[in-house]
Structures are given as C-alpha cells and as structure tokens.
1. Given the DSSP H assignment, sum -39500 (n - 2.57) over each helix run of at least 4 residues in the chain and divide by its residue total; what's the result at 222 nm in deg cm²/dmol, nearest 500?
2. Taking a label point 7 Å from the Cα of residue 43 along the Cα→Cβ vector, which residues of the range 379-418 have an amide N closer than 15 Å to it?
3. For a protection proxy built on the mean count of beta-carbon atoms within 10 angstrom, sort 247-256, 408-417, 110-119 highest first, please.
4. If I build a Gaussian network model for the chain, linking alpha-carbon pairs within less than 10 angstrom, which residue out of 43, 191, 139 has the largest mean-square fluctuation?
5. Dipole magnitude of the chain about its Cα centre, charges +1 at Lys/Arg Cβ and -1 at Asp/Glu Cβ only, in debye to the nearest 20?
6. What is the spin-label model distance, in nm, from residue 150 to residue 401 if the labels are put 7 Å beyond Cα along the C-beta direction?
7. Can you report the principal axis dimensions of the range 130-266 using only the alpha carbons, biggest first, rounded to whole angstrom?
8. Just 142, 56, 372 to compare: in a GNM of the chain, with alpha carbon springs under 10 Å, which one fluctuates most?
Amino acid sequence: MTKQSTRNPLLTGMVSVAALLLVSCGEQGSGSSDGDMAAGQDNSVEAIHERVITLDTHVDIHEDMTFDPVYDPGTDTQQQVDLGKMEAGGLDSAFFIVYVGQDVRTPEGYAMAEVKARRKFSAIHRMTEHYPDRIGFANTPDEFDAIAASGRKVAAIGIENGYVIGKNLALIEEYYNMGARYMTLAHNGHNDICDSSGPSARLGDAEEEHGGVSEFGYQVIDEMNRVGMMVDISHVSIKCMLQATEYSKAPVIASHSGVWELSKHRRNLNDEQLKAVGAANGVVQIVGLDDFVKYYPAKQAELDALRADVAMAAGDADWDSGKHAASEQYKAGMEVLDAKYPPATVKDFVDHIDHAVKLIGIDHVGIVSDFDGGGGIQGWDSAAETMNVTAELVARGYSEEDIAKIWSGNTLALWRRVDAVAAGL
Ligand SMILES: [Zn+2]
C-alpha cells in the first residue's frame, strides 16, 4: 500500500506528464493492477522511501516518556527516536517496547516486574494521547494501515521479556488488552518460560535450566496463540527457539536478531534457526546493532581493560560512563579500538539482510534498529537516518515491492496470520 503523498505538487505534476508521455508511446505495462509500478513514476531513493511504509519492530522507551521533558518525544531529544527524528528520516512506524530486565523469580520480583511493565505501557499510550495529530496507536493491522494512510506515524507495542507475567498466565490477555502484540519469551537470563541465549551470572544461571521451553512456557505459548500475541524468539537459547517455533500454532517472529553465519554473536540466529522461522511462515527482523552486525570476540575484553584503566587513573574503583567517557585517555583508547575493530556500517547490516533473504526468501525478512536499547550502526544511528537503509537496498537491486515487504509488509502479513490463527482457536 502507499501512504498519503507529501511530495510537492510541481514534482507530482512532472510525474504525471511523464506518465502521459509513456502512455502515448505505448510503453505502459500491460494492465498492471499495482499502482506502485505505474510507468513514469519517480524511482529515486527519496521517492521509494516516501512511498513504502517503514516499520521498526523494536524501539526502546523510557518509562518517563512524555512526563519528563528529557524524554518528551515531541521535542528534539537526545534519544535515537522521537517524533521529529521519525518525521525527518521517514520512519513511519515502530513497535515501542515494554522492556523489563530479568531479575529474581520471587513473588516480590514478579510484582516489581509487573509494576515496571505497566509504567512502560502507560508511557507509550501517553505519547499517542499527547500527540494525536502526529502518531496513532494501532491495535490491529487494519488500524495500522489506516493510521499510516492518514500520514501520521504509527505506534504498536511489543513486550521484551516474558518475565513480566511471572507465573500468571492471565496477564497475557491483560497485556494484550493494553496493546501488546508480541512478547519476547526471555531476555538476558533464564526465566520461568525458557532458557536465554545469555545466561545471567548475576542471577546464578547455569548454561541451561529447562532444556529449552519449560512446561509453563508451553502453556504461555498456547495462551499467546489464543489471544493473538506474536511469539518472539529473539534472545532465547537455540533449543528454546527451535522448540517454540515448532510448537507454536501461529508463526513466530524474531523481533531483533542478526545472522550467526556472518557474525558469531550468541544473540544471532544460525542458518538452521533462520530456516525454521521461514518454514514456519514467520519473519526474522534483522537488527542494526553494532555488536551483532560485526562481532569481535576479543573486543569486549579490551574495552573492559581500557575502561578499568581510565577509571583507575581517575581514582575510581569502577567505570562510570557519565564520569569517565569524556576523558582524553578514553577517547584516545577508543580511537585505537575502532581502528582495530571497525564499527558496523549500513553495508555490513544489509549483508545480513541479503543472507537471510537468500536463505529463506523475501517474504520472511524485515528490518529493526533496537534504537535506545543498544542499537545503531554507522549510517543508521537514529530514526533521522532511516533512508540510508532504503538507499542501500535500492543500490543492491531490491525492487520497490521487495523493499516494501522488508520494511513492513512481511511483519504486517505475519500479524494478520497470527490474528487468523487466534480467530480459529
Ligand atoms: Zn533486546
């Protein structure tokens, strides 16, 4: 679908003249029903980026968003995403994230996780209630399409970490009713649902706790299928990921992951996992997070050592980025590290997209930033730079139809498939 055009009338007029000329020359495609492919259309990167609906499936938020002027999305914030940056960069929509970090699995821990989750739900709804002319909230794919067609930005909600339900299955439907349309089964650290790809040393995790999905975890997946919440298999262990993907009655989403074959980070998906998502008719959202796109196993230890040195030179026991990151010693050290381990670029990022598309097909791959949650790469480090991704896809020969699928069509189609499964249960 296309959205309301904001191009200037002069340009639109020129396009129409060009279209007429082509028609008169008999060169128009034979009865194409796809308006996007009309002859004589402006096919510059800017025009394609303007026409396709761009969707970022993982943007973190602060719980004080809108309350605290520092996190007011209607102003020019220090965040990677705010409404102005979305408008400037042509980022049309996002799943804003109710993220709660893994903590202790006690009644008190569950209660606190629920409190934190509710604060973030409120923050996201405050944004759309506060700026109704600029962004609308979508509960369904049809609402999503309607808001996008009106020219406004679209907000949806994803939950990151099933820890927020504790042991209470009823919270899944409650969170659904608050707008959540996907939930990542686990985050860093195992929870009651399944094993994480990153066990937590602080919480005393063994490498594996459940051998994948727990008994409770299967009930969680059943309930998510029933209410129509997408099962997100990013962040979880390989076994959990494969078991959940096979078990779920609805196709799964990987809301923010990379390609293991290109970068050996434990958060990335290997080819077997990618194929499993494709075979299940799911979607893998490829994430523009530097460490996942270009992982250097030795880099973290060197970075930790540099930070320890800088902290020690300042007379402190521990690294404090607010206090130490501006020091000349740190900047010089980072220059050396960046030269040794070049940061990920948009080209490196699109290599991951290419790999996934070649392996599992154009209908099963999407784009995500993880902005304000660790995401960002050189060239796509805020919503304002979103067009650079489209430019690289165009440069690699992706058609507009394919770009539209990768940017949002695939995820919206998945959302509809998940709704259809729920309706049939
Ligand atoms: Zn994450």
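1. -13000 deg cm²/dmol
2. 393-404
3. 247-256, 408-417, 110-119
4. 43
5. Details: 35 positive and 65 negative charges, 104 e Å.
That gives a dipole near 500 debye.
6. With each label point 7 Å from Cα toward Cβ, the separation is 3.1 nm.
7. Dimensions of the range 130-266 along the principal axes of its Cα atoms: 49, 38, 29 Å.
8. Residue with maximal mean-square fluctuation among 142, 56, 372: 142.
Any read-out appearing in this document is the output of simple, stated calculations on the displayed coordinates, not a laboratory observation. Model, not experiment: these values are computed from the prediction. Using ideal geometry, Cβ is built from the backbone for each residue, glycine included, and neighbour counts are taken over all protein chains shown.
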